[in-house]
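Below you'll find the structure, written out as structure tokens, and then a few comments.
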Amino acid sequence: MSIGALKPVTCHQAVVNNREDAHEQIDSTISTTLKESKPVYISVSCNLPGIGLPSQSYNVEREECSASLWRNRTYDRLKLHLSKEFCELPHMSYPADAPTYIPKDQFVKYIDGYIEHFNIRPKYHTSVESCKYDEGTKRWLSLARNMNTSTIIKYTTRFIVVASGENSAENIPIIPGLDGFPGGVIHSSRYKSGATYCGQNVLVIGCGNSGMEIAYDLASHGAHTSIVVRSPVHVMTKEHIRLGMRLVKYLPVNIVDTVLVMLSNLVFGDLSRHGIAKPKIGPLLLKSETGRSAVVDVGTVHLIKEGTIKVLGSISRIKGKAIEFKDGKESSFDAIVFATGYTSTANVWLKNGESMLNDNGLPRNKFPNHWKGANGLYCAGLAKRGLAGIAIDAKNIANDILSTIDSTYGQTRH
């Protein structure tokens, strides 16, 4: 590694924040006062004023701004799929006149206001290249590159919070013949609008929320749209999900799931006739056990039922513009949009994370016991629990760091 300049920094806590998730995570950088037990959120960074410790915290962000995925790499029509009461950051509500389902531009504005209110100062354009735990000093040693100057900064920290998200890198599956496809191929993170695809035959691969909404957007702009549905999926309305999240506070998950499935059947009917199978377990339990969310319908189902959007099965191979499917069907396409999600890259730079993360860079332990590893290692936003889950992570991490410091230095929280 070529090092133009090496700057050592010693602090009690560093936060690594390299990417954010468009649907289920904000990646703003929220630094609040740990002494007052205010929650640390998403990019967890804690200032420790007034407690007599030589403390300093750093929030390291690879992108040039907060919420860069929301600002720069989401499609135009995107809104939060959950109602606003489930998507608020701690200690700051949305404005009273905000709509129930927040559009992306208003969400970004809310994040900007949050950052300003809590006086958060991220180190933008700074990418962590390595991070490992040193048994001798009992500290985490991290090297981060300033992407503007190529300066390498060395951080020596007591705590590390991994807040880089489960969606750090685009996931495009290996399909035989994809390299020879002559048309446009993009990941959903680079999709903006169906306007540029009018009149084209477009295949959307992936039937999660992004895939279904992109398919609707394409068809609404005059594209001849097909979507690959490989796995069973629950389809709900936004109000179904809102009702379920309220009911689950008072009723067992299995009862709420039964209600949600009944409501879905009433609204959408039997979608298996249209190539969309329903999972064997309910939507809330499925989310809890696998992290897979129900699809919030934005009008896609209606277009599927009337034949405007075609549902296709798994792909076997690609030959030029022709795509062959495992059921023997074959169709020609001008463009492919991969709505196939993302992968975590935490294990690329985190060298001693095995106490907390598995080989995929995600927590070994299930929620709610996933957020803490060994030797002052934490993670926020990796449990596939959306914004509400990230808030829980942040509070747990902040309280645990404070407890550790209190026990070490004999400090008492007031």
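Summary of computed values
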item	result
Verdict on Ser344 being buried (at least 17 other Cβ atoms within 10 Å of the Cβ), of a type in the set (Gly, Ala, Ser), touching an Asp or Glu at 6+ places or on another chain (Cβ under 7 Å) and on the phi < 0 side of the Ramachandran plot	yes
Filtered residues of region 148-175 (kept if open to solvent by 10 Å² or more (accessible area, probe 1.4 Å) and either assigned to a loop (DSSP other than H, G, I, E, B) or among the small types (Gly, Ala, Ser) (or both))	Asn148, Thr149, Ser150, Thr151, Glu166, Asn167, Ala169, Asn171, Ile172, Pro173, Ile174, Ile175
Region 293-326, residues that are outside any strand (DSSP E or B), open to solvent by 60 Å² or more (accessible area, probe 1.4 Å) and in contact with a Ser or Thr (Cβ under 8 Å, 6 or more places away or on another chain)	Lys321, Lys326
Exclusive hit being open to solvent by 20 Å² or more (accessible area, probe 1.4 Å), under 19 Å from the mean Cα position of the chain (by Cα) and free of Cβ contacts under 8 Å to residues at least 40 places away in the same chain, set Arg77, Arg62, Arg139, Arg71	Arg71
Qualifying residue in region 176-191 (condition: farther than 30 Å from Thr408 by Cα, among the hydroxyl-bearing types (Ser, Thr, Tyr) and not in a helix (DSSP H, G or I))	yes
One residue from Ala374, Ala322 being assigned by the TED database to the domain that holds Asn201 and farther than 29 Å from Met245 by Cα	Ala322
Residue match in region 198-220 (condition: more than 23 Å from Val298 (Cβ to Cβ), open to solvent by less than 20 Å² (accessible area, probe 1.4 Å) and in contact (Cβ under 8 Å) with a residue 12 or more places away in the chain)	no
Residue that is within 25 Å of the chain's Cα centre (by Cα), closer than 22 Å to Phe181 by Cβ and at pLDDT 95 or above, where the choices are Ala294, Ala322, Ala339, Ala335	Ala339
Residues within region 233-250 that are surrounded by fewer than 16 Cβ atoms within 10 Å (Cβ to Cβ) and under 22 Å from Ile276 (Cβ atoms), tallied	1
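The values are calculated or read from the model by the stated rules, or taken from the named source; none is laboratory data. The structure presented is a predicted model; accordingly, all values stated were derived computationally and were not measured. Every residue, glycine among them, receives a Cβ derived from its backbone with ideal geometry; neighbour counts consider all protein chains shown. Heads up: the accessible areas ignore ligands, DNA and RNA and are worked out on the full protein's heavy atoms, side chains in. Shrake-Rupley method; radii C 1.70, N 1.55, O 1.52, S 1.80 Å.
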